[in-house]
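Student: A single structure is presented below for examination.
The values are calculated or read from the model by the stated rules, or taken from the named source; none is laboratory data. This one's a predicted model, so the numbers in the text were calculated from it and none came from an experiment. Counting neighbours? That spans all protein chains shown, and the Cβs are built from the backbone with ideal geometry, glycine included.
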Amino acid sequence: MCAAFVVLARPLAARGHRGWAVASRCVPVGVLAGFAGSAASVLAFTAGAGLGLCWLAAVTARLAADPAMPPTRRARAS
């Protein structure tokens, strides 16, 4: 999930959603910190997982509202 957020940052930035792109790069840090802190408390794990799932829902809703994809470069066939 964290890798998907980092990958989604680039198309979000290309669409002009720079704030969403920055957050997509920052949220994985919080998710991983929650998982790392899970040894100390279950609350840390729950917070990390909740943060990731909430961000996933928010990004999905945002992309569903703006379905136009920017043109992509395709590799030319030899």
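Student: Give the residues of the stretch 57-70 that are surrounded by fewer than 16 Cβ atoms within 10 Å (Cβ to Cβ) and closer than 17 Å to Val6 by Cβ, sorted by residue number.
Tutor: Answer for the stretch 57-70, where residues must be surrounded by fewer than 16 Cβ atoms within 10 Å (Cβ to Cβ) and closer than 17 Å to Val6 by Cβ: Ala58, Thr60, Arg62.
Student: Which residue pairs have Cβ atoms closer than 9 Å, lie 6 or more positions apart in sequence or on different chains, and pair a first residue in the stretch 50-77 that is closer than 14 Å to Trp20 by Cα and part of a helix (DSSP H, G or I) with a second residue that is modelled with pLDDT of 90 or more and among the hydroxyl-bearing types (Ser, Thr, Tyr)?
Tutor: What qualifies is Trp55/Ser24; Val59/Ser24.
Student: Based on this model, can you work out whether Gly16 counts as small (Gly, Ala, Ser) and either in contact (Cβ under 8 Å) with a residue 60 or more places away in the chain or not in a helix (DSSP H, G or I) (or both)?
Tutor: So Gly16 fits the description; yes.
Student: Scan the stretch 15-49 for residues that are loosely packed, with under 15 Cβ neighbours inside 10 Å, out of contact with any Gly (no Cβ under 8 Å at 6 or more places or on another chain) and not hydrophobic (A, V, I, L, M, F, W, C) and jot them down.
Tutor: Gly16, Arg18, Gly19, Ser41
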